[in-house]
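*Asks:* I have a structure here, written as structure tokens, and I will follow up with some questions on it.
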Amino acid sequence: MKIEGNIKDYSDRDLAKKFKQLQPSADRKSTLIDRDFKSLMSDGYVIIKGLLTPSQCNDIKTTCLPLMSHKGRNEFEGERTQRLYNVLAKTRCIDSLADHPRLLGLMDLMFRPNFLLSQSQVINILPGEKQQAYHYDDSFYQIPRPRPPLGAASIWAIDDFTEENGATVVVPASHKWDGQQRPTPDSVIKAVMPAGSVIFFLGTTWHSGGENHAKSPRLAVTHQYCEAFMRQQENYLLELKKETVKKLSPELRALVGYSIHSPFMGMVNGQHPLRLLDE
Ligand SMILES: O=C(O)CCC(=O)C(=O)O
């Protein structure tokens, strides 16, 4: 059978007429992003300080803490850790962290266009919590390592992250490991950073939530992302009502799944999902 044309050209073409693929805004390119990207690729993580003001951190705290009640249901979630799920349905206060241009700019350099938000949580590690088990976040895509990351994660410090209160524990350069290597106590660092900073790491980088042996909790916001062709962890299309999606920025709408990965992934009745919001 003769196949006409080049399938790759076809796959890369934006076939949508009314809703063209969003083009990255100018602030998703800069020498700072290039510098952060170099660290990310060599160490598997990068810490960026001063992205949120104290007043933004305070708003997140006063909005999210009252929404958090139950603790983790197992050791991995943390029996002394509060977790807020389905956050985008409950508040708009962490939207600007999910579509922050400094992080989207990093993902423009590492993922194919149309990458997605995979899940969002607010995590409050309470005093007395043990260290979480080491893991890497895209391990559920069971493709042998070493391999390029299929996901990435941000953990935003809403409280100062200290040696004592459960700063995320990260294993530098572990994104390069094969499937056999495991963290050892001397291979790790703690992401000690002031409130308003973010640690961004690859889906292949080993890490864990830290032990909290301080007297006060450690509040964080996390957003995870994935390549457009991998399944999202959170089912945003079921969680978010159309009225909620209409309140999101164009970038965040695309990130939760109101987007097309060329030529057809994400379609609704053969059309762009954004058409649903017009109905
Ligand atoms: O809270 C943290 O610092 C890390 C949490 C984490 O990695 C997880 O819950 O999977």
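*Asks:* Mean-square fluctuation check for the chain, GNM, Cα pairs under 10 Å: which of R253, R80, R13 is largest?
*Replies:* Top of the fluctuation ranking is R13.
*Asks:* On a 1.4 Å probe surface of the protein chains, which of R73, R92 comes out largest in accessible area, and what is the full order?
*Replies:* On the way: R73 170, R92 80 Å².
Output order, biggest surface exposure first: R73, R92.
*Asks:* With the full set of protein chains in place, find how many percent of the accessible area of the stretch 169-238 is carbon and sulfur; take the probe as 1.4 Å. Don't jump to the answer; show the numbers that get you there.
*Replies:* Details: 1560 of 2880 Å².
Of all accessible area on the stretch 169-238, carbon and sulfur atoms account for 54 percent.
*Asks:* Sorted by accessible area (1.4 Å probe), largest first, how do D99, D278 line up?
*Replies:* Numbers: D99 30, D278 95 Å².
Ranked list, largest accessible area first: D278, D99.
*Asks:* Count the net charge of all other residues whose Cβ sits under 14 Å from the Cβ of Y225, scoring Lys and Arg as +1 and Asp and Glu as -1.
*Replies:* Values: positive: R28, R102, R112, R231; negative: D99, D108, D137, D138, E227, E234, E251.
Counting the neighbours of Y225, the net charge comes to -3.
*Asks:* What value, in deg cm²/dmol to 500, does the helix sum -39500 (n - 2.57) over DSSP H runs of n ≥ 4 give at 222 nm once divided by the residues of the chain? Display every interim value, and only then the final one.
*Replies:* Details: 10 runs with 68 residues, N = 279.
Taken over the chain, the calculation gives -6000 deg cm²/dmol.
*Asks:* Also, quick follow-up: So what J values fall out for the stretch 219-232 if you push phi through Karplus, 6.51 cos²θ - 1.76 cosθ + 1.60 with θ = phi - 60°, rounded to Hz, Gly and Pro as x?
*Replies:* 9, 9, 10, 10, 10, 10, 10, 8, 4, 4, 9, 9, 6, 6
*Asks:* Here is a follow-up. Output wanted: per-residue J couplings in Hz (rounded whole) for the stretch 155-168, from phi through Karplus 6.51 cos²θ - 1.76 cosθ + 1.60, θ = phi - 60°, x for Gly and Pro.
*Replies:* Rounded to whole hertz, the list is 10, 8, 7, 9, 9, 4, 8, 10, 4, 8, 9, x, 3, 3.
*Asks:* Now, a different point. Past 23 Å, Cα to Cα: identify those pairs from K29/K49; K29/K176; K17/K90; K29/K241; K29/K90; K29/K242, in the order given. Can you show the working numbers first?
*Replies:* Numbers: K29/K49 18 Å; K29/K176 26 Å; K17/K90 33 Å; K29/K241 32 Å; K29/K90 31 Å; K29/K242 31 Å.
Violating the 23 Å limit, Cα to Cα: K29/K176; K17/K90; K29/K241; K29/K90; K29/K242.
*Asks:* Another question, then. So how much accessible area does K246 have, in Å² to the nearest 10, using a 1.4 Å probe?
*Replies:* Here the residue's solvent-accessible area equals roughly 100 Å².
*Asks:* If you find the alpha carbon centre of the stretch 125-200 and of the stretch 39-73, how far apart are they in angstrom?
*Replies:* If we compute the Cα centre of each part, the gap is 14 Å.
*Asks:* Between the helical axis of 101-110 and the dominant principal axis of the chain, each derived from Cα atoms, what acute angle in degrees is found, rounded to the nearest 10?
*Replies:* Helix 101-110 sits at roughly 70 degrees to that axis.
*Asks:* Leaving out ligands and nucleic acids, and using a 1.4 Å probe, what accessible area per residue does the chain come to in Å²? Write out the running numbers ahead of the final one.
*Replies:* Working: 14090 Å² over 279 residues.
With all protein chains present, the chain gives 51 Å² per residue.
*Asks:* Per 0.36 nm of contour for each residue apart, how much would the distance between K29 and Q131 grow if the chain were fully extended, relative to their Cα-Cα spacing? Don't jump to the answer; show the numbers that get you there.
*Replies:* On the way: separation 102, 0.36 × 102 = 36.72 nm, distance 3.62 nm.
Extra length available between K29 and Q131 comes to 33.1 nm.
*Asks:* Turning to a different aspect of this structure: Which aspartates and glutamates have a Cα less than 17 Å from the Cα of K18, not counting those fewer than 8 places away in the same chain?
*Replies:* Excluding near neighbours in sequence, the set is E251, D278, E279.
*Asks:* May I ask for the net charge around A153, where only other residues with Cβ less than 11 Å from the Cβ of A153 are counted and Lys, Arg are +1 while Asp, Glu are -1?
*Replies:* Working: positive: none; negative: D137, D138.
Charge balance near A153 sits at -2.
*Asks:* For K215, which aspartates and glutamates qualify as cross-link partners when the Cα separation must be under 17 Å and same-chain residues fewer than eight apart are set aside?
*Replies:* K215 reaches E79, E129, D159, D160, E163, E164.
*Asks:* Can you bin the chain into rounded, prolate or oblate? Criterion: square roots of the alpha carbon gyration tensor eigenvalues sorted a ≥ b ≥ c, rounded for a/c under 1.5, prolate for a/b above b/c, oblate for the rest.
*Replies:* Prolate.
*Asks:* D178: net charge of surrounding residues, Cβ under 10 Å, Lys/Arg +1, Asp/Glu -1, itself excluded? It would help to have the intermediate numbers written out before the result.
*Replies:* Working: positive: R145, R147, K176; negative: none.
Every neighbour counted, the sum reads +3.
*Asks:* Continuing with this model, one more query. On the protein heavy atoms, probe 1.4 angstrom, tell me the percent of accessible surface of the stretch 107-162 carried by carbon and sulfur. Write down the numbers at each step before the final one.
*Replies:* Details: 1240 of 2100 Å².
The C+S portion of the solvent-accessible surface of the stretch 107-162 is 59 percent.
*Asks:* Which whole-number percent is the relative contact order of the stretch 143-279 (Cα, under 8 Å, 6+ apart)?
*Replies:* Details: 213 pairs, mean separation 38.4, N = 137.
Across the stretch 143-279, relative contact order equals 28 percent.
The values are calculated or read from the model by the stated rules, or taken from the named source; none is laboratory data. Quantities reported herein were computed from a predicted structural model and do not represent experimental measurements. Note that we place each Cβ from the backbone using ideal geometry, even for glycine, and neighbour counts take in every protein chain shown. Heavy atoms of the whole protein, side chains included, go into the accessibility calculation; ligands, DNA and RNA do not. Shrake-Rupley method; radii C 1.70, N 1.55, O 1.52, S 1.80 Å.
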